[in-house]
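Structure first, then comments.
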Amino acid sequence: MTWVKICGITNLEDAQLAVEAGADALGFVFYEKSPRNIQPEVAREIVSALPERVENVGVFVESPCLQSVDIARQVGLTALQNTLRFPLSSDSQQAIGFAGFPRPPKLFISISIADFLEDDDTIRGLARSFLTSRRGVPGQAAIPDGWFDTFFLDSGTPEQPGGTGKSFDWEKAVPVAEAMREGGLKLVVAGGLTPANVAEAMRILKPWGVDVSSGVEAKPGKKDPEQVRAFINAVREADKNA
């Protein structure tokens, strides 16, 4: 089944709603400029009340590695998602910071894909990068599972990294999606998804997962229960029809 993340969680009521509706993961935004920003102590209270099966993802924007690791430890996050284009190799600071975790958090990367879809050459170049990104380098240790193997393709901008409510051109991104699968990577589609269009995005890109925030909100930072349920139901129906 397609992995479903409901992002921009700011309160326990919305978190429990999403989990009960069948979400696999929840996203907590640690970015002060976002209307969905949450304080670590609030996120910790929410996470502590959730079932262990839920993937709790901290979403960061240009956050120093050790700072995000500290928040992960404080909150109890199981994954970190950063909008930076990380080097596709283990980071020494992160490795040191993760030493105190019983099980180190997964490391996800979010990329604003729209600028890469302007011309065919750029699309092919990005596809080649994904195709070879996890190939081993002689003399280096293998990248652990869960580290840099999951990429969120989003429609964010430098001014608004996420939660734009806008989608990118899914058809143009097909070569990138195919290269990611061939390269052993997990593709998560984000940006502008709603209950009405998520099945179409899944049909075109065949992603491992989908990520939604503004598309299921009553207002920034507050989820609409009917939209959350409708979104997850639409994903599950699309899974059945795949």
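Calculate the FRET efficiency for Asn233 and Lys33 from the Cβ-Cβ distance with a Förster distance of 41 Å, rounded to the nearest 0.05.
0.80
Taking the Cβ-Cβ separation of Glu52 and Glu178 as r and a Förster radius of 45 Å, what is the calculated FRET efficiency to the nearest 0.05?
0.85
Is there a pair in Lys5/Lys166; Lys172/Lys222; Lys166/Lys223; Lys172/Lys223; Lys106/Lys206 whose C-alpha atoms are over 28 Å apart, and which pairs would that be? Display every interim value, and only then the final one.
Details: Lys5/Lys166 17 Å; Lys172/Lys222 32 Å; Lys166/Lys223 18 Å; Lys172/Lys223 30 Å; Lys106/Lys206 22 Å.
Over 28 Å apart, Cα to Cα: Lys172/Lys222; Lys172/Lys223.
If you count, for each residue, the other Cβ atoms within 10 Å and average over each peptide, how do 233-240, 203-210, 43-50 line up from highest to lowest?
On the way: 233-240: 15.2, 203-210: 19.4, 43-50: 17.1.
In descending order of packing, they fall as 203-210, 43-50, 233-240.
Contour minus end-to-end for Asp70 and Asn197, with contour as 0.36 nm per residue of separation and end-to-end as the Cα-Cα distance?
42.1 nm is the gain from fully extending Asp70 to Asn197.
Return Trp3, Trp147 ranked ascending by Cβ neighbour count within 10 Å, so the fewest neighbours appear first.
Ranking Trp3, Trp147 by Cβ neighbours within 10 Å, fewest first, gives Trp3, Trp147.
Each reported figure results from applying straightforward, stated rules to the coordinates on display, with no laboratory input. Predicted model, so just to flag it, every value in this text is computed and none were measured. Quick reminder, even Gly has a Cβ in these numbers, built from the backbone with ideal geometry, and neighbours come from all protein chains shown.
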